[in-house]
1. Return the label of the correct value of volume of the Cα convex hull per residue in Å³, as calculated from the structure shown, out of [x] 133; [y] 167; [z] 116.
2. Per residue, how big is the convex hull of the stretch 44-121 when only Cα atoms are used? Give it in Å³.
3. Protein chains only, probe 1.4 Å: how do 65, 210 rank by accessible area, largest first?
4. Could you tell me the calculated FRET efficiency between residue 140 and residue 267, based on Cβ-Cβ distance and R0 = 30 angstrom, to the nearest 0.05?
5. Hey, if we sort 33, 266, 166 by accessible area with the 1.4 Å probe, largest down, what's the order?
6. On a full-extension model of 0.36 nm per residue, what is the gain between residue 32 and residue 192, subtracting their alpha-carbon distance, rounded to one decimal in nm?
7. Which parts of the stretch 21-55 would a label at residue 241 reach, counting a residue when its backbone N lies under 16 Å from a point 7 Å out along Cα-to-Cβ?
8. Say a site is exposed when it is one of the chymotrypsin sites (Phe, Trp or Tyr not before Pro), sits in a DSSP loop, and has at most 13 other Cβ atoms within 10 Å; what is then the longest site-free stretch of the chain?
Amino acid sequence: GFVMAWPAIGGKLAVNDDIKFVRVPTHDEPVAKQIADAWRTSPSFRPLELMVAAGCDERTLACPIAIVVQIMGLALLAWGVVALARIVMPGQPWVAPIALIWIAMSPGTTCAAWQIDAGSQTWSAALGTWACVLCWRSFEATPAGRIVWSTLTLLTLVFALGVNIKETFYGWSAGIGVVAIAATLWLFVRDRGAALRAAPTLVPVVALPIAHMAARWLTGAMSQSAGANQDSRYQIELGMNLVINAVQSVAGAVGTGPFYLLADEKAPLAL
């Protein structure tokens, strides 16, 4: 809490490693036009960052809306973590506080609180957590002989927002989607009626993100990331890259550090 409040106490207006979102010729253009241009010309599509940047002063980089967006995202994440903890370990009230403390102490939380472009990361994590919760609730109701349409509607909204917040939501779709497909097949063997009731869950979890990715590929600039520039920070690549990312994600869940340096041959081994 002190680390997150210190910029305000110390008199800083903003901390940001991507002033490109503010000090660019398009900063004064309407936000809707910036978002449309980003869809067509940028390999990454993160409209939330553009909307936050639009509220920044390009001279001082003062951006009071950045911390508001972060606080709202962290609150939604905390709510989702509590709900998820109750599902994972029911009747164990000590789990959620430990998880919340773990998240609060993460440098990804404390250092990014005042970054203009970090809201997309926070909101992606928050929506991803709720995607887990809502998907579980949807499957939980199927053996009882009903489809909870309100849960499916919320799940669709979460994924519709998520894929337009940050590309990492495709990863949430892949992770949750694989388990959801396996669960549907498991139900199909034992109770075909329950499997049919579970199948609509796959629409927002699997079909919607795939359709969004296809739209980005066909009408946007995502295809530029498919290995055209090997030095580009954002690339679409299958194979060993997926394995490395998976290992780094697991490592990042239980520790902290510059894990990306593991793949850098020039980085000192001690790091």
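The values are calculated or read from the model by the stated rules, or taken from the named source; none is laboratory data. From a predicted model like this one, the values you see are computed outputs, not experimental measurements. All Cβ positions, glycine included, derive from the backbone under ideal geometry; neighbour counts span all protein chains shown. Side chains included, ligands, DNA and RNA excluded: accessible areas come from the protein's heavy atoms. Shrake-Rupley method; radii C 1.70, N 1.55, O 1.52, S 1.80 Å.
1. Of the listed options [x] 133; [y] 167; [z] 116, [y] comes from this structure.
2. Expressed per residue, the convex hull around the Cα atoms of the stretch 44-121 is 97 Å³.
3. Final ranking, largest accessible area leading: 210, 65.
4. 0.10
5. 266, 33, 166
6. Additional length available on full extension: 53.0 nm.
7. 43-45
8. It works out to 95-233.
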